[in-house]
Amino acid sequence: MFELLKYSLILVWCFLSPPMWAQQYDLLIKGGTVVDPKNNIFEPLDVAILEGKIQEVSSQIDPQTARQVLDARGLLVSPGLIDVHTHVFVGGREGIFAGGFYSVSPDDFSFRTGITTMVDAGTSGWRSFPEFKTKVIDASQTRILAFLNIAGAGMIGKPGEEELSDMEIEATLNIIKQYPQTIVGAKIGHYTGESWEPFDKALDVARQAKKPLFLECHLPQLPLDQLLDKMRPGDIFTHTYGAVDDRLWLLDANGQVLPSVQDAREKGIYFDVGHGGGSFHFKLAQPAVQQNFYPHSMGTDLHRFSMNAGMKNMLNIMSKFLNMGMDLPAVIEAATWNPARMILREDLGHLSIGAEADVALIRVRSGEFGFVDAGGYKLTGDKLLQSELTIKGGKIMWDLNGLAAKPFKN
Amino acid sequence: MTRILSLTLFLWCTLLVQGQEYDVVIKGGQVIDPKNNLNELLDVAVKDGKVAAVAANIPVSNATTVIQAQGLYVTPGLIDMHTHVFQGTDVDSYLANGLGSLPPDGFTFRAGVTTVVDAGTSGWRNFRQFKHQTIDQAQTRVLAFISIVGAGMYGRLEAQNLNDMDPVLTAFMIDLYSEHIVGVKKHHYRGDNFTPVERAVEAGNMAGVPVMVDFGEHDPMLSIKTLFLEKLRPGDIFTHTYSYTNNRETVVDENNQVKPFIFQAQKRGIIFDVGHGGGSFIWHQVVPSIKQGFLPDVISTDLHFWSMNAGMKDMTNLLSKFLNLGMTMEQVIGRSTWEPAQVIQRPQLGHLSPGAEADIAVFRLHEGDFGFMDARGRMMKGTQKLETELTLRAGKVVWDLNGLSVPAWDTEPLKY
């Protein structure tokens, strides 16, 4: 009887012990330079991942402890990037953004650019958000969050999008309450009338939901200084460096950043790039950054008309600012921790222990590069960020050069 | 007075016309145009959306845009003969009007591609929806094989339905949309017979177009020798050439030898297409094939949701794989321009002959340390990689990676 118990115990031990013997980590990223602005890290460190979470960030983690080891020497190891300004409510409708051809599919552009989270900038409103949720958000591998448009149908173009009666505070708030994790704020975008009603309603929604207002400034009749004055600390202003015709540029006749804009920044309003197809011009960006007017976030304004133009992708925009003199950790911060804070999702955008393992391995290429703005002018530079490998929730989603792959042996 | 004014106006107009002899001149690149046997340093001039001239030392004084292409390759815009671009939001569908298909423009121009051919995502029942939804909306030129299955590539269930494989209606649809439809596709049939192939060939015969065959999944496995030598016609296409999966006979045998009848089939005129995709490009099949002289006739991506972020990535990555296996630039470009143009019976595409639509790609060939993955996640090292610098579609710049076609920002008049 004792023998039987002994053998049973040995048997049980045999079954139970492999997990204890087995490696401690699923994945170890070794030898890269970790840049994690939230945690003030910019130094060579190893990052270990277990069960989809960041488990350890320290120097010289033993490779024996991991099932898989990535050699990240020469690469930056950043939190997965967050694009705070996209239009990804793609669908079959012609000539519009909401459920239409003007939007693009998120997974087509995210991982290959180091992005793990995209925020849709109000392509949907309270009427169309459920469709956006089932057809795009739930079907995508990228984490999709959204600002909800005050226009009920979202970006369906004129006149529907400007219909005041379809801007309903209660209905908008209800949808936000139903999806508190996914919807990160309210958006006001395209309105050509003189009424303050759309803006005020959007702001009211944002206030009641305790979330930021995202202002996409195609509001030609509403003066810039008044808009900025009404906006609260934590609200977001996009298309910052655009020489657009439907609002005042942010620089005065002498190329100086407007006092009202400086005041707004001091008050705590965030400024997003929102490059898009028509909203980023070096003639504004260059003088602005020379006056230390850097963006808080690197939003792309990704859509059908920006994807193949000067914008291209978020790393291309980040490279523009890198070449304009913004330092590397600041550029990464504007693509990780800053946007996470702006959308009140402080669980994202960093590599703290226990955080979801969204990681981007980025190469800083040296060479001669050209960067095109929305006006068809270029800046030449010597640095270009390139996405080598992207991890979301511990899983490898993009691997440009097969860093994680086993070598082929003939 | 009026006459003088008219004369002045006339002269001025003439000057204006002379002043814009060319819209674009691409200077000093290595032009590779396999159809015209060109592989040399030449300039390419574009006017009104067409190739106007390919010659040495084209004067640039009369060109609106001059692109300096020294050190770069200038080729016809690439044709990707195997893609799935019938994008939509039917969440029950696999590819047809589904999320598995991709809107083409985000993948084409940045990879030098100006024409994609959809590989049977739609069938005669839903081709018109595809046309409305993708073909008419895309900037990329979209052509299509239509599936022999009326429902197209909706799901594997639908692909088994012999009752929905109607050669007559398929041929009718091709006739109706002969501008866009280039052939018939057979795919994903699990039966133990050649019936879908026969129906596709029947439709192909009626419409005068080639058939593309994705020949897997038959249970039990069917012979590709029979397929190549008895069932298909010269000019028909075998895609997923380098796959290695269950119920799919491979081109390379277990001793790493290309099966002799493969060469016979290629000689007979069967077109071997890469169709990389998410599961159909295995180094164990590719490497012996290339070493033993069995080269693909057409290099294509099989672009869809499950290949875009995997080993495939895009057309330039795929072409780079073949360059690193020892194929020449000329061979690789030929198999992605003039060869597919001939296979799909579109001789007006895939070359830079004067008068042709100005679809042009400009590539940089990087030297360095690169890795390339196959569909099983095995990596091979390489030293060469193509990058798309610039793409023109019908004479218009649709991709410009480094701003080769635009002026420096500080030349813009500053007016705030």
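The values are calculated or read from the model by the stated rules, or taken from the named source; none is laboratory data. Remember, predicted model here, so these are calculated numbers, not experimental data. Note that each Cβ is placed from the backbone with ideal geometry, even for glycine, and that neighbours are counted across all protein chains shown. Ligands, DNA and RNA are stripped out before the accessible areas are found, and what is left, the full protein with its side chains, is counted by its heavy atoms. Shrake-Rupley method; radii C 1.70, N 1.55, O 1.52, S 1.80 Å.
Using only the alpha-carbon atoms of region B:77-343, report the extent along each of the three principal axes, biggest first, to the nearest angstrom.
Its Cα atoms span 44, 41, 32 Å along the three principal axes.
Give me P(r) over region A:266-374, computed from all C-alpha to C-alpha distances, binned every 10 Å, as integer percentages.
14, 43, 35, 8, 0
Going by amide H atoms built from the backbone, whose H comes under 5 Å of the H on A:E56, apart from near neighbours?
A:A48
Using packing as a proxy for protection, rank A:239-249, A:224-234 so that the peptide with the highest average count of other Cβ atoms within 10 Å comes first.
Most protected by this proxy first, the peptides run A:239-249, A:224-234.
Could you give the longest part of chain B that holds none of the GluC sites (Glu not before Pro) found in DSSP loops with at most 13 neighbouring Cβ atoms within 10 Å?
B:1-178
Which of rounded, prolate or oblate describes region A:339-410 when judged by the alpha-carbon gyration tensor and an a/c cut-off of 1.5?
Oblate, because a/c is 1.5 or more while a/b does not exceed b/c.
Which value, in debye to the nearest 20, gives the size of the charge dipole of region A:80-342 about its Cα centre, when Lys and Arg are +1 and Asp and Glu are -1 at the Cβ?
660
Give the dimensionless ratio obtained when the Cα radius of gyration of region B:74-223 is divided by 2.2 N^0.38 Å.
1.00
Heavy atoms of the protein only, probe of 1.4 Å, neighbouring chains included. What is the accessible area of B:H188 in Å², nearest 10?
10
Show me, for region A:389-399, the HN-Hα J-couplings you get by feeding each phi into the Karplus relation (A = 6.51, B = -1.76, C = 1.60, θ = phi - 60°), rounded to Hz, glycine and proline as x.
Calculated HN-Hα couplings, in order: 7, 10, 10, 10, x, x, 9, 6, 10, 8, 8 Hz.
Among the listed pairs A:K378/B:K321; A:K30/B:K313; A:K312/A:K378, which are separated by more than 21 Å between their Cα atoms?
A:K378/B:K321; A:K30/B:K313
Sequence-distant or interchain residues sharing an amide H contact under 5 Å with B:V182, placed H: which?
Amide H neighbours of B:V182, under 5 Å, 5+ apart: B:A144, B:F145, B:I146.
Of A:S128, A:S260, which has the most accessible area and how do the rest follow, probe 1.4 Å?
Solvent-accessible surface, decreasing: A:S260, A:S128.
At a 1.4 Å probe radius, carbon and sulfur cover how many percent of the accessible area of chain B?
Answer for chain B is 52 percent, counting heavy atoms of protein chains only.
Between the alpha-carbon centers of region A:133-191 and region B:40-81, tell me the distance in whole angstrom.
If we compute the Cα centre of each part, the gap is 46 Å.
Along the charge dipole of chain A, pointing to its positive end and built from +1/-1 on Cβ of Lys, Arg, Asp and Glu, which listed residue (A:T238, A:I332, A:T192) has its Cα farthest out?
Result: A:I332, furthest along the dipole toward the positive end.
Mind checking the log10 I(q)/I(0) for region A:80-342 at q = 0.08 Å⁻¹? Debye, one equal scatterer per Cα, no solvent, two decimals.
Listed by q, the Debye log ratios stand at -0.27.
Using the structure shown, list the pairs from A:K187/A:K210; A:K409/B:K186; B:K186/B:K225 with a Cα-Cα distance above 23 Å, or answer none.
As for pairs spanning more than 23 Å Cα to Cα, those are A:K409/B:K186.
Over all residues in A:133-140, what is the mean tally of Cβ atoms on other chains that come within 10 Å of each residue's Cβ?
2
Under a plain spin-label model, where a point goes 7 Å from the Cα along Cα-to-Cβ, how far apart in nm are A:S195 and A:L258?
With each label placed 7 Å out from Cα toward Cβ, I get 2.4 nm.
So what's the back-of-envelope 222 nm ellipticity for chain A, counting only DSSP H runs of four-plus at -39500 (n - 2.57) apiece and dividing by all residues, rounded to 500?
Mean residue ellipticity at 222 nm (helix-derived): -6500 deg cm²/dmol.
Using +1 on the beta carbon of Lys and Arg, -1 on that of Asp and Glu, and nothing else charged, what's the dipole of the protein assembly as shown about the Cα centre, debye to 20?
So the magnitude is around 1140 debye.
Starting from the 7 Å offset along Cα-to-Cβ, what nm value, one decimal, do you get for the label separation of A:F42 and B:T64?
For A:F42 paired with B:T64, the spin-label model returns 4.5 nm.
Roll a 1.4 angstrom probe over the protein heavy atoms and tell me the percent of accessible area of region A:80-342 that is carbon or sulfur.
48
Mind checking the per residue accessible area of region A:80-342 for me, 1.4 Å probe, whole number of Å²?
Per residue, region A:80-342 has an accessible area of 30 Å².
Calculate the dipole size of region B:77-343 relative to its Cα centre from +1 charges on Lys and Arg beta carbons and -1 charges on Asp and Glu beta carbons; express the result in debye to the nearest 20.
Here the size comes out at about 440 debye.
Taking springs between alpha-carbon atoms closer than 10 angstrom, which of B:P260, B:P103, B:P167 fluctuates most in the Gaussian network model of chain B?
B:P260
Using alpha-carbon positions, what is the distance between the centroids of region B:367-416 and region B:129-175, in Å?
Each part reduced to its Cα centre gives a spacing of 33 Å.
Taking amide hydrogens as modeled 1.01 Å from N in the peptide plane, which residues meet the under 5 Å criterion relative to B:N402, leaving out close sequence neighbours?
none
Diagonalise the Cα gyration tensor of the protein assembly as shown and give the resulting equivalent ellipsoid semi-axes, square root of 5 times each eigenvalue, largest first, whole Å.
After diagonalising the Cα gyration tensor, the semi-axes are 42, 38, 28 Å.
Rounded, prolate or oblate: which one fits region B:52-135, using the alpha carbon gyration tensor with axes a ≥ b ≥ c (rounded when a/c is under 1.5, else prolate when a/b beats b/c, else oblate)?
prolate
Using the Karplus equation 6.51 cos²θ - 1.76 cosθ + 1.60 (θ = phi - 60°), what ³J(HN,Hα) coupling, rounded to whole Hz, does each residue of region A:89-104 give in order, writing x for Gly and Pro?
7, 7, x, x, 7, 7, x, 9, 8, 5, x, x, 6, 6, 7, 10
Calculated FRET efficiency, A:I353 and B:E412, Cβ-Cβ r, R0 56 Å, to nearest 0.05?
That pair, A:I353 with B:E412, gives E of 0.70.
What's the average, rounded to a whole number, of partner chain beta-carbon atoms within 10 Å of each residue's beta-carbon in B:99-111?
Mean partner-chain Cβ count within 10 Å for B:99-111: 3.
Between A and B, buried accessible area summed over both sides at probe 1.4 Å, in Å² to the nearest 100?
For A against B, buried area totals roughly 4600 Å².
Read phi for every residue in region B:315-330 and hand back ³J(HN,Hα) as whole Hz from Karplus 6.51 cos²θ - 1.76 cosθ + 1.60, θ = phi - 60°, with x for Gly and Pro.
Rounded to whole hertz, the list is 4, 5, 5, 5, 4, 4, 4, 6, 4, 5, 8, x, 6, 7, 4, 4.
Name the residue from A:G349, A:T390, A:G402 whose Cα lies farthest towards the positive end of the charge dipole of region A:329-410, charges +1 on Cβ of Lys and Arg and -1 on Cβ of Asp and Glu.
A:G402
From other protein chains only, count the Cβ atoms within 10 Å of every residue's Cβ in B:371-383, then give the mean.
5
Between the helical axis of B:2-19 and the dominant principal axis of chain B, each derived from Cα atoms, what acute angle in degrees is found, rounded to the nearest 10?
50
Work from the charge dipole of chain B (Cβ charges, +1 for Lys and Arg, -1 for Asp and Glu, about the Cα centre) and give the residue of B:M379, B:A55, B:G204 farthest towards its positive end.
After comparing all options, I get B:A55.
Per residue of chain B, what 222 nm ellipticity follows from adding -39500 (n - 2.57) for every DSSP H run with n ≥ 4, rounded to the nearest 500?
Helix contribution divided over all residues of chain B: -6000 deg cm²/dmol.
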